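The block underneath contains the structure these notes are about, expressed in structure tokens.
The values are calculated or read from the model by the stated rules, or taken from the named source; none is laboratory data. Just so you know, these numbers come straight off a predicted model, no measurement behind them. Glycine also receives a Cβ, built like all others from the backbone with ideal geometry; neighbour counts cover every protein chain displayed. Ligands, DNA and RNA are stripped out before the accessible areas are found, and what is left, the full protein with its side chains, is counted by its heavy atoms. Shrake-Rupley method; radii C 1.70, N 1.55, O 1.52, S 1.80 Å.
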Protein chains: 2
Amino acid sequence: MPPSFPENLSRRDLIAAALLSGTLSNTSAAAAGDMAAVQAEIGKNHDKNVERLQTWIRQPSIAAENRGMTEGCDLMMRMLSEAGFGTVKKVPSDGQPGVFATLDAGAARTIGIYFMYDVKQVDPSEWMSPPFDAALVDRPGLGKVLIGRGAVNQKGPEATFLAALNAFRTSGKRLPVNLVFIAEGEEEIGSPHFPQIMKRPEVLEAFRKCAGVFMPMPMQSLDGTVTINLGAKGVIELELVSSGEKWGRGPKLDVHSSTEAAIDSPAWHLIQALNTLVAADGHTPAIEGFLDDVRPLTPDEKAMIRNAAQKESEALAKKALGVEHWVHNVDWLESRELMAGRPTVNIEGLVGGYTGPGGKTVLPHRAVAKLDLRLVPNMTAERSLALLKAHLAKKGFGDIEVNMSGGYDPTSTPKDALVVKAAQAVYRRAGLEPILWPRLAGSWPGYIFTGDLLKLPATHFGMGHGSGAHAPNEYYVIESKNKNVEGFDEAARKYVEFLFELGSIA
Amino acid sequence: MPPSFPENLSRRDLIAAALLSGTLSNTSAAAAGDMAAVQAEIGKNHDKNVERLQTWIRQPSIAAENRGMTEGCDLMMRMLSEAGFGTVKKVPSDGQPGVFATLDAGAARTIGIYFMYDVKQVDPSEWMSPPFDAALVDRPGLGKVLIGRGAVNQKGPEATFLAALNAFRTSGKRLPVNLVFIAEGEEEIGSPHFPQIMKRPEVLEAFRKCAGVFMPMPMQSLDGTVTINLGAKGVIELELVSSGEKWGRGPKLDVHSSTEAAIDSPAWHLIQALNTLVAADGHTPAIEGFLDDVRPLTPDEKAMIRNAAQKESEALAKKALGVEHWVHNVDWLESRELMAGRPTVNIEGLVGGYTGPGGKTVLPHRAVAKLDLRLVPNMTAERSLALLKAHLAKKGFGDIEVNMSGGYDPTSTPKDALVVKAAQAVYRRAGLEPILWPRLAGSWPGYIFTGDLLKLPATHFGMGHGSGAHAPNEYYVIESKNKNVEGFDEAARKYVEFLFELGSIA
């Protein structure tokens, strides 16, 4: 627990603390009292809140494997009803369904919330604790953490936000804002049906009433910094498939490798195609026209990055990533500019022919490269995909299938947006000056909110800490022993404060 | 059963048939009578002989997975003792053990035999009948076949040869030649310890007494041709491993793909390295110096290939391989010249990052290409490996690990060698004019016999038919309904005849 907000304070102390820690923007002592009353519920219900998260993690919901999705969707809906949403509806799509919910608090302002209820795949053999056990483990230097798939991405922070809503319910206090909620179940496969879900008239109409959108996310780093993301890169995930069938050359089934003397190889064909996608430096995207739409970083964005780079630790970043050098041996500042400003063409996976232990003398009829492309303004997913296809055709690889599985445009939100200012205010009252970061190098489908459909600001908010998204041993801090990060309860209290801030800020 | 040798002939008929079908080279009527007596045992013991093969196939022995190797070696030894070998010894090596055996028939001539007791890996999901069930199945147009891993490569033909030896034993007749036998258990992983096994003084001394070496192999094609291979390409199997650890660039563990904006990618590094290994045509080996030692096909070899190409069916070959065009759109004759005369650099497999269904946004710290290189005279495995390493270093990929798992030099045997002439004689008496083929495009470690160590001729011999080596649904014909190929019993009888021929030919 953080020293400024010890667990053993009485309710009266909490009200006083809320008032002392800086008043909410433009609000009354009555509101501050309400907030403290709500926050006081959280410590009382700690066990129940953590058990809710454990139950959630123990229900795998992996869209990529269509595993536990029906159960995962139903659980999401039950948790929303429990948390006080008046309307909770399953939204069918051509893929996994979405969940739409509304909570009318009779407030003047309405805020949109984005959740995902799916998680990434796992290889259980790589985990120290089974990925769906949701075990609570003491981690030296951190405290008590929950280990499991979805711990930080995204069930942990989402459950923390639900704990905040449950605190309103059990305290009998009204929310300071109305909520419009959407969850999708395909975030980890590139949100292919999220537009379809959002374009349902009922959903779209509800979101049009919102003043902004946020997604719960634990933004505290171990180095003591917190970050507000003003955007995120877009992404395309796809497979390039080279096959004898489509090529009309090479074999149509795996044959003995000796025949390669007289037969073309779809695997070599794929290697040659891939080789055209990056420049001689092995890194710079070389898809024709791909970089044409890149809007260079603005002076304001560069200033933000410069400020951030000063506060962040290069050594810590290198250690976390296991790297000795940044690409092209650029310095820390430039590496951060690349993270925010550079589109990428990345190989996620290579699969061809014999992939088991040792060798097997086959000439494979098929080879696959799994790619993800990250996009910055003003690139779009649609145009980037078209450019890739045109590039391959022009270079003599038009037979190679380009199978996009998901993706979307970049997203951007101005730094003076309501949701950003509210987040800033809450962090500052906690004594933290948030780093404004122009664009997350990863992706989330915020474009659906910030783009032409809704033109709403959208960002992430949250205290707390976790790590290992998409990796083994993903964790989320439940009880912190690290002075730089908060545990579950304090993060939930900050969601309460954030909702009050959203209700009161001008 | 072939019309010329029906199953229901009496023993006397068999003797007559043997005499009628053309006399053995330089041999007596007494020898012909012995041969017929031995051959007559084979039909009588058909069920037992096929059961022996089924038992063998039901014992997986996969060196690449170290699966069932001890049991496979022990079974090999038991079968040799049963077949009449007086000495049967396990030969330890740094890998899987070999099996050395001798059968002293008091004959003037000694012949070497090469067996392998390991088989290739399987993916059972690809098989119509489980690969270790050894099921007998009716196959339209072929007859009764045995389906299983090792059916044709090599347990089926080896069991057929053992049936021939068992027929000598049960008939009480002496073999016309002494036998020196060696089996290895690592043929399918490139025979890495075969030289070590052969260089054991006891083994080497025994083989020095041999007039030649052969390996049982069913050489009948469905188009009615039989082939004698006068050699085989050499091979190197290896993995190229690109990793952040060895490169000193890129991550040392799989990290989120968004970080590719600022981090080098070992997967791209591998793609660029691979791309240098073949020419712009996507096929011609481009490893520096790799082609320098290639001895062009001689006029005699070209004449053999021309003759073979006239007898073989291009349409059948294309259908079997599932190809529409030969490489560079060469014609049938040239495709056959490539098969015999061209070294190759083949990608067997690609494995990197996420290889499961769908995508996973990782930047892999490691990517692997599995290659096999086929070598022709006067290339050597040692020099070719050195050239590959030097090439990679020169092109800037010296950090990429080159892990050779096995391989050896090409092998060649003159067409007037004893084992070749004996094989020709047996095929011709069966009414088949064998195609002399200068060099098998695949590989077997015949170099150990034909090279400087022993300088012995070595080839394959056998009637019968099977297919699907290294592939799913590998089969071997047990009872033929196809006029172009023999079944198990007749193939065994031809091994008996071959042994008599080896004993009598000048």
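So in the stretch B:193-220, with the set limited to residues that are touching a Ser or Thr at 6+ places or on another chain (Cβ under 7 Å) and farther than 22 Å from residue B:464 by Cα, which one is surrounded by the fewest Cβ atoms within 10 Å (Cβ to Cβ)?
Filtering the stretch B:193-220 for residues that are touching a Ser or Thr at 6+ places or on another chain (Cβ under 7 Å) and farther than 22 Å from residue B:464 by Cα, the one surrounded by the fewest Cβ atoms within 10 Å (Cβ to Cβ) comes out as B:209.
Just name the residue that is nearest to residue B:345 (Cα to Cα) out of those in the stretch B:267-290 that are small (Gly, Ala, Ser) and touching a strand residue (DSSP E or B) at 6+ places or on another chain (Cβ under 8 Å).
Among them, the one singled out is B:286.
Would you check if there is a residue in the stretch B:248-259 being facing another protein chain (nearest Cβ under 7 Å) and without any contact (Cβ under 8 Å) to a residue 24 or more places away in the chain?
Checking the stretch B:248-259: at least one residue is facing another protein chain (nearest Cβ under 7 Å) and without any contact (Cβ under 8 Å) to a residue 24 or more places away in the chain.
For the stretch A:1-80, please list each of the helices (runs of 4 or more DSSP H) lying entirely inside it that holds at least 1 residues being within 25 Å of residue A:156 (Cα to Cα) and modelled with pLDDT of 65 or more.
It comes to A:29-44, A:46-57.
Can we say residue A:315 is out of contact with any Leu (no Cβ under 9 Å at 6 or more places or on another chain) and farther than 18 Å from residue B:275 by Cβ?
Considered against the rule, which asks whether it is out of contact with any Leu (no Cβ under 9 Å at 6 or more places or on another chain) and farther than 18 Å from residue B:275 by Cβ, residue A:315 comes out as yes.
Output the residue which, of all residues in the stretch B:431-446 that are open to solvent by 40 Å² or more (accessible area, probe 1.4 Å) and touching a residue at least 60 places away in the same chain (Cβ under 8 Å), is nearest to residue B:294 (Cα to Cα).
Across the stretch B:431-446, the extreme among qualifying residues is B:440.
For the stretch B:383-399, give me each residue that is touching a residue at least 12 places away in the same chain (Cβ under 8 Å) and open to solvent by 10 Å² or more (accessible area, probe 1.4 Å).
B:383, B:385, B:387, B:389, B:390, B:394, B:395, B:397, B:399, listed by residue number.
Exactly one condition in (1) touching a Pro at 6+ places or on another chain (Cβ under 9 Å); (2) of a type outside the set (S, T, N, Q); (3) farther than 30 Å from residue A:324 by Cα is false for residue B:333; which is it?
Every listed condition holds for residue B:333 apart from (1).
Scan the stretch B:208-230 for residues that are under 18 Å from the mean Cα position of the chain (by Cα) and farther than 17 Å from residue B:411 by Cβ and report the count.
4
Look through B:47, B:104, B:74 and report the one residue that is within 18 Å of residue B:203 (Cα to Cα), open to solvent by 20 Å² or more (accessible area, probe 1.4 Å) and of a type in the set (Asp, Glu).
B:104
May I ask you to say which residue of B:413, B:380 is open to solvent by less than 20 Å² (accessible area, probe 1.4 Å), at pLDDT 95 or above and among the hydroxyl-bearing types (Ser, Thr, Tyr)?
On inspection, the qualifying residue turns out to be B:413.
Somewhere in the stretch A:299-321, is a residue open to solvent by 10 Å² or more (accessible area, probe 1.4 Å) and β-branched (Val, Ile, Thr)?
no
Here are some conditions: (1) more than 30 Å from residue B:474 (Cα to Cα); (2) within 14 Å of chain B (Cβ to nearest Cβ); (3) out of contact with any strand residue (DSSP E or B) (no Cβ under 7 Å at 6 or more places or on another chain); (4) part of a loop (DSSP other than H, G, I, E, B). Residue A:188 meets all but one. Which one does it not meet?
Among (1) more than 30 Å from residue B:474 (Cα to Cα); (2) within 14 Å of chain B (Cβ to nearest Cβ); (3) out of contact with any strand residue (DSSP E or B) (no Cβ under 7 Å at 6 or more places or on another chain); (4) part of a loop (DSSP other than H, G, I, E, B), the lone unmet condition for residue A:188 is (4).
Just checking, which of A:264, A:293 is within 30 Å of residue B:348 (Cβ to Cβ), assigned to a loop (DSSP other than H, G, I, E, B) and open to solvent by less than 70 Å² (accessible area, probe 1.4 Å)?
Exactly one of A:264, A:293 is within 30 Å of residue B:348 (Cβ to Cβ), assigned to a loop (DSSP other than H, G, I, E, B) and open to solvent by less than 70 Å² (accessible area, probe 1.4 Å), namely A:264.
Filter the stretch A:81-101 for residues that are outside any loop (DSSP other than H, G, I, E, B) and open to solvent by 30 Å² or more (accessible area, probe 1.4 Å); which is nearest to residue A:160 (Cα to Cα)?
A:82
State which residue is farthest from residue B:357 (Cα to Cα) when the search covers only the stretch A:229-251 and only residues that are crowded, with 23+ Cβ neighbours inside 10 Å and among the β-branched types (Val, Ile, Thr).
This residue is A:235.
Test each condition in (1) within 30 Å of residue A:190 (Cα to Cα); (2) surrounded by fewer than 24 Cβ atoms within 10 Å (Cβ to Cβ) for residue B:362 and report the one that comes out false.
(2)
Within the stretch A:57-71, how many residues turn out to be within 14 Å of another protein chain (Cβ to nearest Cβ) and open to solvent by less than 40 Å² (accessible area, probe 1.4 Å)?
The qualifying residues number 4.
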